[in-house]
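Below is one structure, written out as structure tokens; comments come after it.
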Amino acid sequence: AMNRVQLLGRVGQDPIMRQVEGKNPVTIFSLATNEMWRTGESELNQGGEIWHPTLLFLCNLGDISQKTTWHRISVFRPGLRDVTYQYVKKGARIYVEGKIDYGEYTDKNNVRRQATTIIA
């Protein structure tokens, strides 16, 4: 089995470091990734041609749509955690590699919530 994620995006806010009593500290930040695609005039792809994403900007065929996805990144490894906290800043473009973790927590209103985190 494999659980591996690679992301390239922009940091949403300066990282914060949290420590829960009895546990190791963790550095947390958000990362935005953008997905772009061309809408309309889909007949261009019916001939089996493959269009490279960067070519979408070179041709004026259809509208360009964009979707931004926000990812929660947690860094637990001591050396990487400290470097991330010290040097990663809001707006920086960074590459993150890690694994997906699906967890649950109870919010302040005592409601169970699900959270998806990338463990870097």
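The values are calculated or read from the model by the stated rules, or taken from the named source; none is laboratory data. Predicted model only: the values in this text are computed from it and were never measured. Every residue, glycine among them, receives a Cβ derived from its backbone with ideal geometry; neighbour counts consider all protein chains shown. The accessibility values were calculated without ligands, DNA or RNA, using every heavy atom of the protein model including side chains. Shrake-Rupley method; radii C 1.70, N 1.55, O 1.52, S 1.80 Å.
Brief remarks on what is shown
- If you go through segment 74-113 and pick out every residue that is touching a Ser or Thr at 6+ places or on another chain (Cβ under 6 Å) and of a type outside the set (Ser, Thr, Tyr), you end up with 4.
- Considering only residues in segment 1-49 that are of a type in the set (Lys, Arg) and open to solvent by 70 Å² or more (accessible area, probe 1.4 Å), the one that is modelled with the lowest pLDDT turns out to be Lys23.
- Segment 63-93, residues that are of a type in the set (Phe, Trp, Tyr) and closer than 24 Å to Glu104 by Cα: Trp70, Phe76
- The residue list Gly103, Gly98, Gly62, Gly91 contains one member that is surrounded by 13 or more Cβ atoms within 10 Å (Cβ to Cβ), at pLDDT 85 or above and small (Gly, Ala, Ser), which is Gly98.
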